[in-house]
1. Which of the lysines could a cross-linker span from K825 if the Cα-Cα distance has to be under 18 Å and same-chain partners fewer than 8 positions apart are dropped?
2. Using a 1.4 angstrom probe on the protein heavy atoms only, line up K46, K379 by accessible area, largest first.
3. Which pairs in the list K722/K856; K693/K754; K282/K379 are over 21 Å apart, alpha-carbon to alpha-carbon?
4. Set the Förster distance to 35 Å, then compute FRET efficiency between Q571 and L690 from the Cβ-Cβ distance, nearest 0.05.
5. Past 31 Å, Cα to Cα: identify those pairs from K960/K1010; K325/K364; K176/K364, in the order given.
6. Please work out how much accessible surface V726 shows to a 1.4 Å probe, ignoring ligands, DNA and RNA, in Å² rounded to 10.
7. Please give me, ordered by residue number, the trypsin sites (Lys or Arg not before Pro) of segment 193-281 that lie in loop per DSSP and have at most 14 other Cβ atoms within 10 Å.
8. What number, rounded to the nearest 500 deg cm²/dmol, is the helix-based mean residue ellipticity at 222 nm of the chain, given -39500 (n - 2.57) per DSSP H run of at least four residues and division by all its residues?
Amino acid sequence: MATDMRVAGLVEEFVSGQQDGAAKDLATGVVDGKYTTLEIVEALGKCLTNSEPRTRGRGVQLLSQVLLLSYSSLKQKEVEVLATFYIDRLKDHHLVIPHVLQGLKALSMSSVLPEGLAVAVLKALFQEVHVQSLLQTDRHSVYSIITSFMDTREQELKSLTADFTFGFIQAMDGEKDPRNLLISFQISRDIIINNYELGSFVEELFEVTSCYFPIDFTPPPNDPHGISQEELVLSLRSVLTATPRFAEFLLPLLIEKLDSDVQSAKVDSLQTLAACCREYRKKELKEFLPALWHSIRREVFQTASEKIETECLAALQGLSTSLSKSVIDSDAEDSLDTFLDNVLQDCKHHLCEPDMKLVWPSAKLLQAAASASYRACSKINSCIFPLLLEQFNKHKQSSQRWTILGILKVFVQLTQKWDRDEEDENPLCVFKDQLCILVFSALTDSSVQLQTVGTSTLAVLGSQQDLLSPSDIELTVDHLNRLILREADPQVCAAALDASMTISVIHPTTFISKMVPALTQELNTEPMEVKDGDEHLAQPGNNLHQRSIQALAAISTHPTIVKRTVPVLLQHLTNLQKGTKSDMAILTCQSLQLVAEHCGGAGESSQYFHQMVVPCLLGLAIQAAVQAERDCGSEVQHGILCEEQVITTLGTVISTAYSHSQTELASRTISQVVALYLDGDVSFLPENNLSRKFRPFQLPDFPWPQTQLTALLKAAVCSLPKNVLVPQQERLLAHLMELCCTSNHRFTYTSAAKCIAGLINKYPAGEQLDSILCDVLKKIDSGLERNAGDCSQSVSRSRVFTLLLWLTKSLVLRYHPLATTLTDKLIELLTDLELGTEAADGFFMLVSDSTDVLNKATHADIRIMYRQRFFTENAPKLVHGFHSASQDNKSNYLKALSHVLNSLPKQVLMTELPSLLTLLLEALSCSDQVVQLSTLGCLHPLLLDAPQIMSLHIETLVNKLLRLTTSPAMKVRIASLQCMHALTKLPPHVILPHKSWVIQALAKPLDDKKRLVRKEAVGARGEWFLLGSPGRKDYTTLANQNLTIEWEESGLRPSCRREAARTSLPEQAPECGA
């Protein structure tokens, strides 16, 4: 009795007292077993039979809300009774219907719905409810009911045969809300894909969906539903292309839309056609092929839009692919053959006119058709190759030959796309001799463009295994040698290097026998001066050596070649160490790095590189360091291998080798490197007969020629994969710490700090790491303390600060808890007299990518979105510090904050804009040019993407940006002019009052002494001149700025194709239900 009273009380509260919370209480009671649904129905008895529609509606609403929250707890008998009740209520007053639909929606999701009730519900729904007269939310409920039944009661619904399809067509007909269209398009597609019977309603189903094609929809600003035009387009396309039975209706529609003047309609039609071709075959396409080809050809020949051309070629390829997959009847014509004949007939003759503008569009059309299948490729190539070969010989001008050879190259590449059986002959073999003669003649032509395309064509020919003969390959390599070493034009040389890299993979033996000796001989030859009149030769001296070095690296693509080229490069580096050509040493190291990339991973090449190159590079560097140490104090110049830039480049070679190596190989060799630095074990070096011991960590003198080689240690140990353990890591860290805190050589202690950071970043979490970090923190604290009167302390604090900076970055990247403590220390240093500026610049290093350590290439532990987290944690501290700092230190805080802001993705920056904009504007007045440039970099995207917020500060922006256009720094002037240009994207009514003043002020930068500044000034001033002009977007925006678009009043509407001519959708916002 008490339960009945409680239920009755809650019902009374909801129906009469308008207390919506009672529904949740009742639903909770049903789920907990305190009440039953039938008890609630009994308590609602009088409400459900009340003569007043609003009271009945309120009662049904309560029951439906309870069911939506508790449908999973219902029993089968309850569901049956409730379904019968709701079916009967569909005949009720229109005020009750929305709540009935909510109840049926809840029951449709029940897993215990008795068999047959789904059919009964849908029959009643289709018969009693006029769906399109309902509000959006109620229509959505209808579609949700249908979707639920299709997911769970498919066989029952199929028993309705075509009546189900017809009922849905009636329900959907005239829908205009994007939210409902998405779900109704999905239902339409499921009906087709899941083989529901369409009966005689195929055309009706097509009409009810295709009337929205092509979709033209612009979502309103700040759309909470997030529905985009792309979503609607793809959803509708999935329906239209779901079945070949739509072909007879869809293809004429696409042809019609291709004739329109609206570019988006053409693009959508072409993309839909390409999608159709995945399902359609000869039967569906045959009737419409001539019209489709005519439309595609016309668009490619006439359009100025690259997008339309691309989609046309994709559609043509789709047509050709579909016809290629069609079964050929013995007594019928080959549709593919007929179609390609039409394509060839309309395009082939244009290839005979290489000077005319249709030659490349025709070539692209033929290429698209040929790329569909091996059969299509063979058909077109058999016609095109003889024609192009004939035209090449017929036309003598280099420009004409360049065009023809470029087209030939495209078709040669197409033959590589298709796999053939080993016994099948390469289809190009028939034309091989003619192609070789043609290409080789192009290589000896005086035209740079013709030589370049000839070289790239030769690369395509040479990359095919069974095409060129050994004599052809030898002649090819001879030509490449000549182009690399004798041609002056760098473009031709670059093409020859690329071709050598491609062909050497397939034909390593020929390159070993012909190119490697030629390049080696050139490297061993002393540079000669080029006499007047020999302009066709490459530049004298170093240029030939540079090309030879680059070529040796380029062809190192095969293990057998690597074993021949690497010793040559190493010997050349050895020969250079006593000279003064550091640029050549750097180039040689860069070439070795390229070889290391080629050798990456497992295999013979990688092992050879680790055993040969890494020890040799270390040996050369150590010999140079020992020699330099011995010559210290004398007037003898140190070798180039002691230069910091050369050592850094050597490090990139070692870093690449270790970062690309496998675990076992890296583990075996890294122990030798560590022992070399810790114990001076030089036994694995190729030349280990040193005049002095190698002890870079030896106390107390720390000779800089040896200690600076810490950069090579860093390159090795910091580039290892995470699963490779560094031997003696604790001992190594201790020595590095001591070196970092005591060395007076900047390159040395910076390399040591980076090495510590790289090791700590990958160090396994645990007590051992915490202990190491505790010791490091103590050293940092003691090192940063300032002692009065100590003149040498400035250098000492700078060393410790470098360690603090790199250690902070390593911990920030891995989200270590101590990162916050270290970052706070950096923020405190912003007010330091000696280190404040360095600390501000250090924030740039913290949030930017490092090239040598702590990056993805070196397998560093980098967590996602670490920059966003760093900003969230530290931006408030920087802002607070700015407001509390003295005037002398404010610029440091601004610089640090602008560096952090510049690293953020635009989406994150937008959310933080309101709170930081005032500070950014103040930063524009800072005298520090780095702060100005960084702040301008932050403001430029915000001017484009957050016009409403930026408009509030238009006066300040215009004043400060115009002042910066006369800055002494060129980069600041350019950035400020770019921002002035971006200001024109703000709402017109905001910026038009400043037009005349800005135009006058921008006249001065037009006479700037730098061309790049003048260029930006012209663009910015031109945009300000055009503000408010009729026809401009800002003019239209100004005219319509007071319009309010409401979702309820306008939306996507189908065109009335069945009653009148088909029209495209208006560009309006979608409707929204009550």
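1. Output for K825: K778, K779, K809, K877, K890, K895.
2. Working: K46 175, K379 45 Å².
Output order, biggest surface exposure first: K46, K379.
3. Violating the 21 Å Cα-Cα cut-off are K693/K754.
4. Computed FRET efficiency for Q571 and L690 comes out at 0.95.
5. Numbers: K960/K1010 21 Å; K325/K364 22 Å; K176/K364 40 Å.
Beyond 31 Å: K176/K364.
6. 20
7. Details: sites: R237, R245, K257, K266, R278, R281; in loops: R278, R281.
For trypsin sites (Lys or Arg not before Pro) across segment 193-281 that sit outside H, G, I, E and B with at most 14 neighbouring Cβ atoms in 10 Å, the list reads R278.
8. Estimated from H runs of four or more residues: -20500 deg cm²/dmol.
The values are calculated or read from the model by the stated rules, or taken from the named source; none is laboratory data. Computed from a predicted structure; not experimentally measured. Every residue, glycine among them, receives a Cβ derived from its backbone with ideal geometry; neighbour counts consider all protein chains shown. All accessible areas refer to the heavy atoms of the entire protein, side chains included, with ligands and DNA or RNA removed. Shrake-Rupley method; radii C 1.70, N 1.55, O 1.52, S 1.80 Å.
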